[in-house]
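**Q** One structure, as structure tokens, below. Some questions next.
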Amino acid sequence: MRGQQGGRFLRAGVVHLEFLLAHLSDPHIGPLPRIPFRKLINKRLTGALNWHGARATIHSMDVLAEIIADLARHTPDHIALTGDLVNVGYEPEFPQAMAAVRSLGDAGSVSIVPGNHDAYIRESLPAMERVFRPYMLGDGAEGPCRFPYLRRRGGVALIGVNSGVPTLPFMATGRVGEAQRAALADLLDSTRQEGLFRVVMIHHPPLKTVTRFGRNLMDQRKMAELLGRHGAELVLHGHNHRHSLAEITGPAGPVPVLGVASASAVPGTPGHLAEYHLIAINPAARTARITRRGTPRGGGPVTTLAEFTLPRTAR
């Protein structure tokens, strides 16, 4: 990780004014541990069947290791991991996932929000919290995880929102809820007043246009309205296993909503490639330069897939 000093970042003896944030999501870390039958008399049964029937062939831990190794070579200042660390929310899955997350960095340099697979059934999120609690706490917070949380890093406000809730079989919807939305509005306002570059981390995209029924955020409209009223410089999400970019009209300009593909996807079609994002944030200019790094179609070493700057329209 790069050294951080008063909003300036030291790397190879050179002062940088940018904050380098890496974003990855949906690693679906496997293999799936052996699950006793009594633990399958719920939604986990369909999830386990899905893993053994399809998911195990479209997520590769070797690919994930290549993505993590490439990410580490770029020495980001911080890493955002936006959910679906595991597959069926079974308690032994979380320590297994921790082995991979630990290679990214410690809890001070990695921020995590849960996904729907991490919240598969009612007992899943408590199991996740027992392992990953330090990665899901705001600065100076103690006790249980409370969302949204806030972490200040340099000139950046990292705001973690939980959209992962237990759902019925064959459903992958999410929900933020009224209490979280009210707290998020307050955090967006207070960090704007501090002049911070606000990055909202969430698993489900807060836009209907980038998801489909059965996988959507149930209070998507209210979340989009909240972001439209209070603004944010960037929203990061996963869930769809593909790259996407959309916008919400905010009070001072567009709010970019950036989705990243699965970090462990086996290379296949152009829409199914493993990737992560390097986001070079200039807090003073309110801009972010995005580099998509991932596996090319047909496989091969991790490479740059695209580069662009946000926002794409003037504020």
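The values are calculated or read from the model by the stated rules, or taken from the named source; none is laboratory data. These figures come from a predicted structure and were not determined experimentally. Positions of Cβ are backbone-derived with ideal geometry, glycine not excepted, and every protein chain shown enters the neighbour counts.
**Q** Among the residues of the range 119-128, is any surrounded by fewer than 17 Cβ atoms within 10 Å (Cβ to Cβ), more than 27 Å from LEU71 (Cα to Cα), in contact (Cβ under 8 Å) with a residue 40 or more places away in the chain and of a type in the set (D, E, K, R)? Outline the logic, then answer.
**A** From the range 119-128, those surrounded by fewer than 17 Cβ atoms within 10 Å (Cβ to Cβ) are 122-123, 126; that's our starting set.
Cutting the leftovers down to more than 27 Å from LEU71 (Cα to Cα) gives us 122-123, 126.
Now restrict to residues that are in contact (Cβ under 8 Å) with a residue 40 or more places away in the chain: 122.
Keeping just the survivors that are of a type in the set (D, E, K, R) gives 122.
Looking through the range 119-128, at least one residue is surrounded by fewer than 17 Cβ atoms within 10 Å (Cβ to Cβ), more than 27 Å from LEU71 (Cα to Cα), in contact (Cβ under 8 Å) with a residue 40 or more places away in the chain and of a type in the set (D, E, K, R).
**Q** Can you confirm whether VAL131 is in contact with an Asp or Glu (Cβ under 6 Å, 6 or more places away or on another chain), farther than 24 Å from GLY154 by Cα and either aromatic (Phe, Trp, Tyr) or modelled with pLDDT of 95 or more (or both)?
**A** For VAL131, the condition - in contact with an Asp or Glu (Cβ under 6 Å, 6 or more places away or on another chain), farther than 24 Å from GLY154 by Cα and either aromatic (Phe, Trp, Tyr) or modelled with pLDDT of 95 or more (or both) - is not met.
**Q** Among the residues of the range 162-184, are any touching a His at 6+ places or on another chain (Cβ under 9 Å), under 18 Å from GLY250 (Cα atoms) and modelled with pLDDT of 95 or more? Full working, then the answer.
**A** So the first thing to find is which residues in the range 162-184 are touching a His at 6+ places or on another chain (Cβ under 9 Å), and the list is 162-164, 172-176, 184.
Next, only the ones that are under 18 Å from GLY250 (Cα atoms) stay: 184.
From what is left, the residues that are modelled with pLDDT of 95 or more are 184.
Yes, because at least one residue in the range 162-184 is touching a His at 6+ places or on another chain (Cβ under 9 Å), under 18 Å from GLY250 (Cα atoms) and modelled with pLDDT of 95 or more.
**Q** Of the conditions (1) over 19 Å from the mean Cα position of the chain (by Cα); (2) modelled with pLDDT of 95 or more; (3) not basic (Lys, Arg), PRO301 clears all except one; give me its number.
**A** The number of the failed condition is (2).
**Q** Further question on the same structure: Given the residues GLY108, GLY115, which is the only one that is within 15 Å of the chain's Cα centre (by Cα), assigned to a loop (DSSP other than H, G, I, E, B) and over 20 Å from ALA185 (Cβ atoms)? Write out each step before concluding.
**A** Numbers: GLY108 fails: within 15 Å of the chain's Cα centre (by Cα).
Being within 15 Å of the chain's Cα centre (by Cα), assigned to a loop (DSSP other than H, G, I, E, B) and over 20 Å from ALA185 (Cβ atoms) holds for just one of GLY108, GLY115, which is GLY115.
**Q** Hey, could you check the range 67-101 for residues that are modelled with pLDDT under 95 and either assigned to a helix (DSSP H, G or I) or aliphatic (A, V, I, L, M) (or both) and say which is farthest from ASN240 (Cα to Cα)?
**A** Once the filter is applied, the top-ranked residue is ALA99.
**Q** Moving on to the next point. Do the conditions hold for LEU64, that is, is it of a type outside the set (Asp, Glu), at pLDDT 95 or above and in a strand (DSSP E or B)? Show your work before the answer.
**A** Values: of a type outside the set (Asp, Glu): yes; at pLDDT 95 or above: yes; in a strand (DSSP E or B): no.
It is false that LEU64 is of a type outside the set (Asp, Glu), at pLDDT 95 or above and in a strand (DSSP E or B).
**Q** Next question. Restricting attention to the range 146-170, report how many residues are more than 22 Å from GLY108 (Cβ to Cβ) and either surrounded by fewer than 16 Cβ atoms within 10 Å (Cβ to Cβ) or touching a helix residue (DSSP H, G or I) at 6+ places or on another chain (Cβ under 9 Å) (or both). Write out each step before concluding.
**A** Applying the first criterion (more than 22 Å from GLY108 (Cβ to Cβ)) to the range 146-170 yields 163-170.
Add one more test, that the residue is either surrounded by fewer than 16 Cβ atoms within 10 Å (Cβ to Cβ) or touching a helix residue (DSSP H, G or I) at 6+ places or on another chain (Cβ under 9 Å) (or both), and what stays is 163-166, 168-170.
Of the residues in that region, 7 qualify.
**Q** Scan (1) touching a residue at least 12 places away in the same chain (Cβ under 8 Å); (2) surrounded by fewer than 24 Cβ atoms within 10 Å (Cβ to Cβ); (3) out of contact with any helix residue (DSSP H, G or I) (no Cβ under 9 Å at 6 or more places or on another chain); (4) part of a loop (DSSP other than H, G, I, E, B) for the single condition GLN180 breaks and write down its number.
**A** (4)
**Q** Let me ask something else. In the list VAL88, VAL101, which residue meets the criterion of being farther than 25 Å from GLY214 by Cβ and β-branched (Val, Ile, Thr)? Can you show your working first?
**A** Values: VAL88 fails: farther than 25 Å from GLY214 by Cβ.
Result: VAL101 is the single residue among VAL88, VAL101 that is farther than 25 Å from GLY214 by Cβ and β-branched (Val, Ile, Thr).
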